[in-house]
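**Student:** Below: one structure in structure tokens.
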């Protein structure tokens, strides 16, 4: 048993440690000479961003130093939360930020990001594709400069389907036919309760001529027949034999893996699946009929992996694919906005976009790069990607997009329970509230 | 003799059941933390092969190292301040009669019951205005407040047991109440204070809600949040090994406290509830 | 051995009541001095924010629509109370609270009786039960999450093939309760164990001589004597379980309609960035907790003051 003196010693030690820890607080490092610009990015493509930051710092001839930083986060939602929280708390350590294409309106309306000065905006617009540019624009002003873009394509098995389907109806029919013959037949699509489900709906809706809401918060989902049409396609996929049993939990990655395992005939997904397929050794072996097998047949899924434009709703009219991707914005809390806007031009220049495209499967937003041999080599589907960008659609550009997406993915999951005649009204009601950010977020 | 042995045997079985109950979920994480990447998903309770690589990996993650520093620093400072402030108040509650004592007890009790989420929203708005979001003080302040009831109750329960006569005797010898407090009560109270410090430290070390709400970068993010933000090699791979290794590291101080100060912790935990 | 235990039998001496003297005044001064820091901290970090929360809850205040900020009266409360998400979260939280506290009481009592009577390994058992109490909730939750993940966990391996318990709503709530019970039963047991120590041994012997079996001794002698301790333990565990957050956040992020009210409040603050709605939820949770506490104190006569508060998160 420790005596009173023993306890005094313990207490003294504890107090000592506390004081020592206290003195360690706030040992910040002073900035050297030139302006330091923070470049906050997600955790994907950090290597490429670091090279870009170093090269652009060098190019500025010592006027500014770009420091790439990334806060570990699990997914885009967490990344948004961390960034938005820092912006809301007026964190002055933020200058240049990688922004998801769906955050533009929200961050702009909240006053967290600065609009590009006209001269810089002009320069960004030069040579940049229309649809990506649209994702960075809010109320007629450019708030986020497009860095990369991401359109979905149709990926399919050339050995099972000689000619890719043009429409969803045709694809469901083909899948049904394959099922009857006992061959792989699933259509892999994002049906889980998350943003990916909203993307599926938005693409089908836009392809049929509809729209969820306008930039001014005008809810348009119930106008015309496009929503009912889109929902009926989703329900039909879910009820047909084309549906993967885990459709209601499926995201981009599940879809990719199902295709690699040989159980799917079709997959709607982003271009990264092509590189992934070959990085993973080409997937499962397939037999002469196209069924996956454990035996070495000398032919893998990757050998018969084809691509085509995203299936449309109306035959003869191209689908209007919802694009993803990232843009670059400048924080309203930045102490050096002028240097930041200038640095953005370099960070998204041709070299850096190409580096991202080749290194992390992020298709570029500069039209000219689609003719670049290095890019075409990495993306055999470059022509389809380029074409789908011409007809691409963007998600609703309203500050409450996040709320809208939650409402949609909640109402449409599981896809098998979609009642295409009643759910349109529910969508319209709930989106009308969500667009004004009324009500609760689940 | 036979029945005595049978009796003991049954107790041994009961003990074993309790030990299994308490330790198996902990050993599972330890097991995961030693599994190499290629067999981490094998579902076995005992790893087929051992590796330290998950631990090496964790210490290469800059955000975890800084989070460890933040966690230790913030928990120690909060504990120190909370115990000092709590000791003063607990002494007054246990030893002195003064107007407003009931109100003070009631007030601290109210905080003990307080749902933390109720404070997170207003605190976030207040802290973002005064620039405390994502700083050490921004977390230390709520930690002190929420651990104060714990400190005050545990301490006053300990203080009630300290022999009052000794303090009185010191005062008879001409010491002021404050001198009596310092020279007589402080040494006697030290074990109680130490125990309280352990409990408060565990509370701060454990917190997740305040940390996940009021921090955002390496400047102040604590380990509980850093773990939850670990990333795998891609968005779709779960960093099971790193999380498990970090989880084991977070558990080590708790195990040390429990093993070395078991009696004190039990006394501290139950003191207030029983003696009411 | 602690001071408290050594002197356990000595009753704390009562302060002699006398005329208000110079000494009493100096005592008041000292008390004021000693309590000031605690009171200041409490007022600054709890009192002011809760008042501010009430004020915020009456405003339309969405960080993403700064220009729309303005007074809306009880509008936010209307929004919350009309929302299915709120009632769903409240139901989930109530189920988790009631079921887990009930299980904790029964298992905790059994554990306490075992520890009270234990002949062998007393110290060891008391040490190991502290581990679930002390372990970081986030850590324990990851352990459970991995254990129940098919293909990864040892517990999922015991289930039939292709069963993923964390994707099913009812199963997930059951697993949340299991994780909560595992973590907090030891604390309940220790509280009850301390209460058991207050039951006089000779009273039990007398009851045994009167022919009362173990069950009668438990229900007629032990439990009535332990009532105050049980009520205090129930009160604090109920309030603690009601604010459950960490376990759900780690286990499944509250998906599939398993979010608790605390998670709902968090999501509306940081996913919705809606401080008005978030504050209304905060105030409602505070209100419910107060009602629970009042019910315990008024209806059951739980002795609150001096009772022990325990928090894990």
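No lab work stands behind these numbers, since they all come straight from the coordinates. These numbers were taken from a predicted model, which means no experiment stands behind them. Positions of Cβ are backbone-derived with ideal geometry, glycine not excepted, and every protein chain shown enters the neighbour counts.
**Student:** Springs between alpha-carbon pairs under 10 angstrom, Gaussian network model over chain A: which of A:42, A:425, A:325 fluctuates most?
**Tutor:** Maximum fluctuation in the GNM of chain A, among the listed residues, is at A:425.
**Student:** On C-alpha positions alone, give me the angle between the axis of helix B:136-160 and the longest principal axis of chain B, in degrees, nearest 10.
**Tutor:** Between the helix axis and the principal axis of chain B, the angle is about 50 degrees.
**Student:** Per Stokes-Einstein, at 20 °C and 1.002 mPa s, what whole-number D in µm² s⁻¹ belongs to the range A:307-346, with the Kirkwood radius over Cα pairs as the hydrodynamic radius?
**Tutor:** In µm²/s, the coefficient is 155.
**Student:** Tell me the Rg and the Dmax, in Å, that the Cα atoms of the range C:153-259 produce.
**Tutor:** When restricted to Cα atoms, the range C:153-259 yields Rg and Dmax of 19.8, 57 Å.
**Student:** Follow-up. Using Cα pairs closer than 8 Å and at least 6 residues apart in sequence, work out the relative contact order for chain B, in percent.
**Tutor:** The normalised contact order for chain B reaches 30 percent.
**Student:** Can you pull the mean other chain C-beta count within 10 Å for peptide A:101-110?
**Tutor:** Neighbouring Cβ atoms belonging to other protein chains average 2 per residue here.
**Student:** Further question: State the percent of C-alpha pairs, over all pairs in the range B:77-127, separated by a distance greater than 18 angstrom.
**Tutor:** Result for the distance tail: 51 percent.
**Student:** Volume per residue, Å³, of the convex hull around the alpha-carbon atoms of the range A:46-144?
**Tutor:** Taking only Cα atoms, the range A:46-144 has a hull volume of 128 Å³ per residue.
**Student:** For the range B:22-96, I need the span (max minus min coordinate) of the C-alpha atoms along each principal axis, in Å, sorted largest to smallest.
**Tutor:** Answer, in whole Å and largest first: 63, 32, 14 Å.
**Student:** Where the eigenvalues come from the Cα gyration tensor of the range B:90-238, what are the semi-axes √(5λ) of the equivalent ellipsoid, largest first, in whole Å?
**Tutor:** Ellipsoid half-lengths, sorted descending, are 40, 17, 13 Å.
**Student:** Let me ask something else about it. Points 7 angstrom from Cα along the Cβ direction at residue B:7 and residue C:223: gap in nanometres?
**Tutor:** Once both label points are built, they end up 2.6 nm from each other.
**Student:** On C-alpha positions alone, give me the angle between the axis of helix A:168-180 and the longest principal axis of chain A, in degrees, nearest 10.
**Tutor:** Approximately 70 degrees, to the nearest ten.
**Student:** Limiting things to C-alpha atoms, what are the Rg and the maximum Cα-Cα separation (Dmax) for the protein assembly as shown, in angstroms?
**Tutor:** 31.5, 105
**Student:** Shifting gears a bit: By what distance, in whole Å, do the Cα atoms of the range B:106-171 stretch along each of the three principal axes, largest value first?
**Tutor:** Between the extreme Cα coordinates on each principal axis of the range B:106-171 lie 52, 23, 13 Å.
**Student:** Tell me, what is the percent relative contact order of the range C:89-247, built from C-alpha pairs under 8 Å that lie six or more residues apart?
**Tutor:** Relative contact order, the range C:89-247: 37 percent.
**Student:** Still on this structure: Across the residues of A:242-250, average count of Cβ atoms on other protein chains within 10 Å?
**Tutor:** Shielding by partners across A:242-250 averages 1.
**Student:** One-quarter of the Cα convex hull surface for chain B, in nm²?
**Tutor:** 21.4 nm²
**Student:** So, one more: Take chain B, connect every pair of alpha-carbon atoms lying under 10 Å apart with a spring to form a Gaussian network, then pick out the residue of B:178, B:210, B:194 with the largest mean-square fluctuation.
**Tutor:** For chain B, modelled as a Gaussian network with Cα springs under 10 Å, the answer is B:178.
**Student:** Out of all DSSP beta bridges in the protein assembly as shown, what portion is antiparallel? Express it as a percent rounded to 5.
**Tutor:** Bridges in the protein assembly as shown are about 65 percent antiparallel.
**Student:** With chain B treated as a Gaussian network of Cα nodes joined by springs under 10 Å, which of B:128, B:69, B:264 yields the largest mean-square fluctuation?
**Tutor:** Per the Cα network of chain B with a 10 Å cutoff, B:128 tops the list.
**Student:** Taking chain A as the reference, fit the longest principal axis to its C-alpha atoms, fit the long axis of helix A:76-88 to the helix C-alpha atoms, and give the angle between the two in degrees, 0 to 90, nearest 10.
**Tutor:** For helix A:76-88, the angle is close to 40 degrees.
**Student:** Using the Kirkwood formula over every pair of different C-alpha atoms, what hydrodynamic radius in Å results for the range A:368-442?
**Tutor:** Result for the range A:368-442 stands at 15.3 Å.
**Student:** List the extent of the Cα atoms of the range A:272-402 along each of their three principal axes, largest first, rounded to whole Å.
**Tutor:** 63, 35, 30
**Student:** In units of 2.2 N^0.38 Å, what is the alpha-carbon radius of gyration of chain A?
**Tutor:** 1.12
**Student:** Now a separate question. What does the average come to when, for each residue of peptide B:146-159, you count the partner chain Cβ atoms lying within 10 Å of its Cβ?
**Tutor:** 3
**Student:** May I ask for the Rg/Rh ratio of chain C, computed from Cα atoms with Rh as the Kirkwood radius, given to two decimals?
**Tutor:** 1.04
**Student:** Compute the orientation-averaged projected area for the range A:173-289 from the convex hull of its Cα atoms and round it to one decimal in nm².
**Tutor:** Result: a mean projected hull area of 8.4 nm².
**Student:** Considering every Cα-Cα pair within the range A:231-275, what fraction, in whole percent, is farther apart than 18 Å?
**Tutor:** When every Cα pair of the range A:231-275 is considered, 27 percent fall beyond 18 Å.
**Student:** Ok, one more. Okay, helix-only estimate at 222 nm for the protein assembly as shown: each DSSP H run of n ≥ 4 adds -39500 (n - 2.57), divide by all residues, round to 500 deg cm²/dmol; what do you get?
**Tutor:** For the protein assembly as shown, the value works out to -18500 deg cm²/dmol.
**Student:** Another question, if that's okay. May I ask for log10 I(q)/I(0) of the range A:325-429 at q = 0.11, 0.24 Å⁻¹, from a Debye sum over the Cα atoms as equal point scatterers with solvent left out?
**Tutor:** Values, matching the q order: -0.60, -1.20.
**Student:** Nearest 5 is fine: what % of DSSP beta bridges in chain A come out antiparallel, could you say?
**Tutor:** Within chain A, antiparallel bridges account for around 65 percent of the total.
**Student:** Something else now. Radius of gyration and Dmax for the range B:156-276's Cα atoms, expressed in Å?
**Tutor:** Cα radius of gyration and Dmax of the range B:156-276 are 21.4, 73 Å respectively.
**Student:** Pairs of alpha-carbon atoms within less than 8 angstrom and 6+ residues apart define the contacts here; what relative contact order does chain A have, in percent?
**Tutor:** Across chain A, relative contact order equals 25 percent.
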